Amino acid sequence: MEESRKKPIMIAVIVVCLGVAAFITFRGRGGGDALDDIPGDAMVWVKCNNPSCNAEYEMNEREYRKLMREQLFDPDAPSPPLTCEKCGKPSLYAAVKCGNPACGIVFFKGAVPNDFEDRCPKCKVSKMEEERKQRPQGGGG
């Protein structure tokens, strides 16, 4: 009699555990919008590739990502240009401001091929490289 009562309880516990596991798994898979994770005051650098404009400015990162999401139909294609607020042409791309205060130029991401995307083509400084050098090295063993 004792054994017959344990079996349904054990089955119920297993079913509840599987339900909780499924809920946790699927809740973390895109139910939320990644734009909500970006702070409202986060900014990104952009630069116009139109030779008669060459504008460079910061824009709200949420807005930038929202516009990119709306324009990006093929994830394998290069990033499409956004419309420049200065000249009105579709020639605005993601950019980086040099981390070296003595230089400070704004350039397109990846201006130095096969290197860190924030490597300055003028003074060769890369903030990403410097941050990696500063990280403590994990010792295996």
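Six or more apart or on different chains, Cβ under 7 Å: which pairs go from a residue in the stretch 78-90 that's farther than 14 Å from Asn60 by Cα and free of Cβ contacts under 8 Å to residues at least 24 places away in the same chain to one that's among the β-branched types (Val, Ile, Thr) and not in a loop (DSSP other than H, G, I, E, B)? Could you list them?
The qualifying pairs are Pro90/Thr83.
Of Tyr93, Tyr64, which residue is part of a helix (DSSP H, G or I), closer than 29 Å to Cys123 by Cα and modelled with pLDDT under 95?
Being part of a helix (DSSP H, G or I), closer than 29 Å to Cys123 by Cα and modelled with pLDDT under 95 holds for just one of Tyr93, Tyr64, which is Tyr64.
Of the residues Pro81, Pro101, Pro113, which is within 25 Å of Leu35 (Cα to Cα) and at pLDDT 85 or above?
It is Pro81.
Conditions first: (1) at pLDDT 75 or above; (2) surrounded by 10 or more Cβ atoms within 10 Å (Cβ to Cβ); (3) assigned to a helix (DSSP H, G or I); (4) out of contact with any helix residue (DSSP H, G or I) (no Cβ under 9 Å at 6 or more places or on another chain). Arg69 passes all but one, so which condition is the exception?
(4)
Inspect all residues belonging to the stretch 107-124 and state whether any of them is in contact (Cβ under 8 Å) with a residue 12 or more places away in the chain, among the acidic types (Asp, Glu) and surrounded by fewer than 16 Cβ atoms within 10 Å (Cβ to Cβ).
Yes: the stretch 107-124 contains one or more residues that are in contact (Cβ under 8 Å) with a residue 12 or more places away in the chain, among the acidic types (Asp, Glu) and surrounded by fewer than 16 Cβ atoms within 10 Å (Cβ to Cβ).
Could you go through the stretch 93-104 and let me know if any residue there is touching a strand residue (DSSP E or B) at 6+ places or on another chain (Cβ under 6 Å), within 20 Å of Ala55 (Cα to Cα) and free of Cβ contacts under 8 Å to residues at least 40 places away in the same chain.
Looking for residues that are touching a strand residue (DSSP E or B) at 6+ places or on another chain (Cβ under 6 Å), within 20 Å of Ala55 (Cα to Cα) and free of Cβ contacts under 8 Å to residues at least 40 places away in the same chain, one finds none in the stretch 93-104, hence no.
Which of the residues that make up the stretch 35-48 are surrounded by 10 or more Cβ atoms within 10 Å (Cβ to Cβ) and at pLDDT below 75?
The one that is surrounded by 10 or more Cβ atoms within 10 Å (Cβ to Cβ) and at pLDDT below 75: Leu35.
The values are calculated or read from the model by the stated rules, or taken from the named source; none is laboratory data. Being a predicted model, the structure only gives us computed values, none of them experimental. Cβ: placed from backbone, ideal geometry, glycine included. Neighbour counts: every protein chain shown.
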